[in-house]
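Each value in this text was obtained by applying a stated rule to the coordinates, not by laboratory testing. Since the model is a prediction, treat every value here as computed from it, not as a measurement. Glycine also receives a Cβ, built like all others from the backbone with ideal geometry; neighbour counts cover every protein chain displayed.
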Amino acid sequence: MPRLVHQVPKYRKHRASGQAVVTIAGKDNYLGPHGTKASHMLYDRLVVEFLAAGRQVIEPAKVESITVVEVLAAYWKHCKAYYVKDGEPTKEQAAFRLIIRDIRKLYGDIPAAEFGPKALKAVRQVWHDRDQCRPTINKNMRRLTRIFRWATAEEMILPAVYQALITVPGLKRGRTTAPEPDPVLPVDLAVVKKTIPFMPAIVRDMVRIHLLTGMRPGELCSLRPTEVDRISDIWEYKPLSHKTEHHGRSRSVFIGPEAQAVLKPYLLRPADEPCFSPAESMAAYRREQHAARLTPLSCGNRPGTNRKLNRSKQPSSQYDPNSYRQAVHRACDRAFLAPAPLGRLEGETKKQHCERLSEEQHGALKKWQHEQRWSPNQLRHAAATTIRKKFGLEAAQVILGHAAADVTQVYAERDADKAREVLRKIG
């Protein structure tokens, strides 16, 4: 029979002594006379502590000898259960995977009690040598200390280890050679207007709604008809899942008449289906290609005959922030063609284009594309800047769903026109 690893340890009677006993992690714990209230209370406490610790038992004598890799393994088990949203791993889980890998590589075999500030600085240097930006390095330092804080709370290590690690300050701007990240600026609306004709129809409508509402890319991608309240003249979209829900905050996105006109056709579907689907976009693209076909059906391939069956990668039923961003980037590449000799020549296939370019030219092409591309999160910045300029900071804060105005400052560029107007008046 299979071993019942998830079974709750049982309250039993030890026949030889007449005491109650419970076996936890292979060790018998005697609870006093069998059947007494005190023995049942002690049994409940031991079982609750065992289950709360993830079915792990750390003996006090073993705390000094536990290794870093054991701490990392225990935290990764916790991480896979904790950093999950809507049944999917979050980005935080992926970030911890990389951090755990770096710590394990350098210090996995040493006792956790010996992992101190110098070890943290050595791991930080690995991130620095990898050209991570200063804020990213500081965020990873906080994640690292979070691992040891969790281990302290689980009584796997002594509090002194965590207390020593938090004495290491983060990197300061201007006092480190770690690079600063490029600021995320609002995209120029003229650039968006030039890019839109090269987008699929669904992505085109997503961009228009995004710019009119200022919602987050993830909120737009997960929009469903059932989540849109259409009773008032201004619709209210309440995402079931959003960025700050774990802080107990609600989120409402208000949709005005112009955005309603774009969104309305996408609400004529089952209430629980996502409004924007890559599979629908691909099907529409194929229909357009077939309508523009010049070769008679009696010649060449009929629709669908030259496609691979059971492809490993199929179009999804719902856009996510990554696929949305990739669709926008592909439109940018078509809208802003690279100059010769980096761009594709007339009649040249994608494969021929790749084979023609040298390694140096490939690097130059990537740099060109990076400079010409814009991303969906820049639409949120552009909407914030427009709203703040016309209606003030408080209005931008409400529309964007920020809890504090200082967060809105990051998204909304300062209105330099007001400053110039004031200076013209005061001289």
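For this structure, a couple of remarks:
- For the chain, the longest principal axis of the Cα atoms and the long axis of helix 359-372 meet at an angle of about 80 degrees.
- Taking segment 12-57 and dividing mean pair separation by its residue count, relative contact order in percent (alpha carbons under 8 Å, at least six apart): 27
- Relative intensity of segment 64-202 on a log10 scale, I(q)/I(0) at q = 0.19, 0.20, 0.21 Å⁻¹, equals -1.10, -1.19, -1.27, per a Debye sum over C-alpha point scatterers of equal strength in the absence of solvent.
- Here the Kirkwood formula, the inverse mean of 1/r across different C-alpha pairs, assigns segment 12-57 a hydrodynamic radius of 10.8 Å.
- Mean Cβ neighbour count within 10 Å, used as a protection proxy, ranking 198-208, 351-361, 183-193 highest first: 198-208, 183-193, 351-361
- Charge tally in the Cβ shell below 15 Å around residue 150, where Lys, Arg are +1 and Asp, Glu are -1, residue 150 excluded: +2
- Principal-axis analysis of the Cα atoms of the chain puts helix 201-213 at an angle of about 70° to the longest axis.
- Working from Cα pairs under 8 Å separated by at least six residues, relative contact order for the chain is 12 percent.
- CD proxy at 222 nm, helix term only [per DSSP H run n ≥ 4: -39500 (n - 2.57); per residue of the chain; nearest 500]: -15000 deg cm²/dmol
- When you restrict to C-alpha pairs under 8 Å that are six or more residues apart and normalise by the size of segment 280-381, the relative contact order lands at 29 percent.
- Among the listed values (i) 46, 25, 18; (ii) 32, 27, 21; (iii) 51, 30, 27, the one computed from these coordinates for semi-axes √(5λ) of the Cα gyration tensor in Å is (iii).
- Net charge, residue 215 excluded, C-beta distance under 11 Å - Lys, Arg +1, Asp, Glu -1: +3
- Both numbers refer to the Cα atoms of segment 88-153; Rg and Dmax are 11.9, 35 Å.
- Packing, as the average of other Cβ atoms within 10 Å across residues, places the peptides 216-225, 151-160 in the order 216-225, 151-160, highest first.
- One decimal place: the segment residue 113-residue 350 gains 79.8 nm when fully extended, by the rule 0.36 nm per residue minus the C-alpha distance.
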